[in-house]
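Read the structure below first, then the notes.
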Amino acid sequence: MNTFLILLPLMMTMLYSLATVPILVWMERRIAAFIQDRVGPNRCNIGGIRLGGIIQSIADMMKLVFKEEFLPSHIKNKLYYLIAPSIAFVSAFLTFMVIPYADNITLNGETYHMQALPTELGVLWFLAFAGLGVYGIILGGWASHSKFAILGSMRATAQVISYEVAMGLALVSMLITYGTINLNEMVSYQTQSFFIIPAWGAIIQPLATIIFIVTAFAETNRAPFDAAESESEIVAGYHTEYGAMKFGLFFVAEYIAMAASGALIVTIFFGGYQLPYLSTSDLINHFETILWGVIIFAVLTSILFLRWMNKNSRFEFSSNNETKIYTTLIIGFTFFATIVMAYYAFGFGETHEVGVMILQFVVFTVKLFVLHFVFIWVRWTLPRFRYDQTQKLGWNILLPLSLANIFITAIVVVIGVNYGN
């Protein structure tokens, strides 16, 4: 059990970063199809099982893995060309290491951290590796020895530099507000109430929230800040000369960076793994009552999802009825989960700490995927900004706003401290 709890944060990091990439790709396609009023991926299957279109994402990954590798003959710096995708991928993955997925858990007098890298300098770690990822982009563009690739990498580099300043300054205002750089302590702060609403970072610092979310879009090269990959102007940007898994690493790195940015936004601005108004001690002390609420929510969600699925799933194979299979699995899983939760809700179980940890994992996951939806929603709603518009927004608008926000935050905090004394 001790070894499992030590390795659990690392396994969760692998799950949230690498394992969710096919799901994020599926979400991208499904949400894009919904916004554009079309069907989306629904044909690719294994033995008639489509998983709602996720099999298409798995097929794409398999294609990249087994696709023939090539090395363009005009490449002069082969080593740099080969390691550039790895730098982008590793940097994106390492930003996830400091995200807390649940509060620290104490069992038998021993405390376990639910962070893969339990450091006090989580925010600084994130900024360091988020900025380091651009080295892979600029190196890939330069080593490709292509005008389109180098132009795309230069755009990406300038964009990261422009928006990282505003991102750092937005974080400074949050550090002043929270009075700490420890991500767990930031989450604990947000369990308080601000008048009658949760004291989330997005509530007490709305301007910093907007600035940070906008800069996160730019840092991850997500639309409308994807001028570095502008197909209509520069083919595909910095990865034009890449194929197979070398391109796949760049592709996966973008989604991991999006997931890591979303995880940090959830942690700093939207209460992290905590439910509104409830601290970890509150969850432990009222665990049975909260479980009954979770049971009711799980049953209602399952019923609504089954009704939606039966209404919208019209594609069937002659060999089986996929909808009936899913219905059986969902009902069976919901029944089993309800029995297990009811066992603890009636007070028969004693390990409330473990139950609270699982609940916090679920809360964090739900918040994270809601934010993923927002990332994708924005991509398929707003048109791409021109490169000059991107730079103007970063330097002429976001930078002055972030500086003004720091000034106002410092005044409010100093006045509050003096008034409290």
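Note on the chain: GNM, Cα springs under 10 Å; of 334, 157, 390, the largest mean-square fluctuation is that of 334.
Sorting 17, 279 by solvent-accessible area of protein heavy atoms yields 279, 17, largest first, with a 1.4 Å probe. Using a 1.4 Å probe on the protein chains only, how many percent of the accessible area of the chain belongs to carbon and sulfur? Answer for the chain is 71 percent, counting heavy atoms of protein chains only. The region of the chain that goes longest without hitting one of the trypsin sites (Lys or Arg not before Pro) in a DSSP loop, each with at most 16 other Cβ atoms within 10 Å, is 77-313.
Taking the Cα centre of the chain as origin and charging only Cβ (+1 Lys, Arg; -1 Asp, Glu), how large is the dipole, in debye to the nearest 20?
Working: 22 positive and 24 negative charges, 261 e Å.
Dipole size: approximately 1260 debye.
Arranged from highest to lowest average of other beta-carbon atoms within 10 Å per residue, in what order do the peptides 128-137, 177-186 appear? Walk me through the numbers on the way to the answer.
On the way: 128-137: 20.9, 177-186: 18.9.
Ranking, from highest mean packing down: 128-137, 177-186.
Can you bin the chain into rounded, prolate or oblate? Criterion: square roots of the alpha carbon gyration tensor eigenvalues sorted a ≥ b ≥ c, rounded for a/c under 1.5, prolate for a/b above b/c, oblate for the rest. Oblate.
Take the alpha carbon gyration tensor of segment 180-299, find the square roots of its eigenvalues, order them as a ≥ b ≥ c, and report rounded if a/c is under 1.5; if not, report prolate when a/b exceeds b/c, else oblate.
Details: a/c = 3.22, a/b = 2.10, b/c = 1.53.
Taking the square roots of the gyration eigenvalues as a ≥ b ≥ c, segment 180-299 is prolate.
Give a quick list of GluC sites (Glu not before Pro) in segment 61-111 that DSSP marks as loop, anything other than H, G, I, E or B, with at most 16 other Cβ atoms within 10 Å. Kindly include the intermediate steps, with their values, before the conclusion.
Numbers: sites: 68, 69, 110; in loops: 68, 69.
In loop regions of segment 61-111 (DSSP not H, G, I, E or B), the sparsely surrounded GluC sites (Glu not before Pro) are 68, 69.
Taking θ as phi - 60° and the Karplus parameters 6.51, -1.76 and 1.60, the scalar couplings of segment 240-245 work out to 4, 8, 10, x, 6, 6 Hz in sequence order, x denoting glycine and proline.
Under the shape rule built on the C-alpha gyration tensor, where the axes satisfy a ≥ b ≥ c, segment 82-191 is oblate, since a/c reaches at least 1.5 while a/b does not exceed b/c.
With every protein chain in place and a 1.4 angstrom probe, the accessible-area ranking of 73, 193, 302, largest first, reads 73, 193, 302. Springs join every pair of Cα atoms under 10 Å in this Gaussian network model of the chain, and among 165, 90, 374 the largest mean-square fluctuation is at 374. Residues in the chain average 50 Å² of solvent-accessible surface per residue, probe 1.4 Å, ligands and nucleic acids excluded.
The values are calculated or read from the model by the stated rules, or taken from the named source; none is laboratory data. What you are looking at is a predicted structure, and each value in this text was computed from that prediction instead of being measured. We place every Cβ from the backbone using ideal geometry, glycine too, and count neighbours over all the protein chains shown. Note: accessible area is taken over every heavy atom of the protein model, side chains too, but ligands, DNA and RNA are not part of it. Shrake-Rupley method; radii C 1.70, N 1.55, O 1.52, S 1.80 Å.
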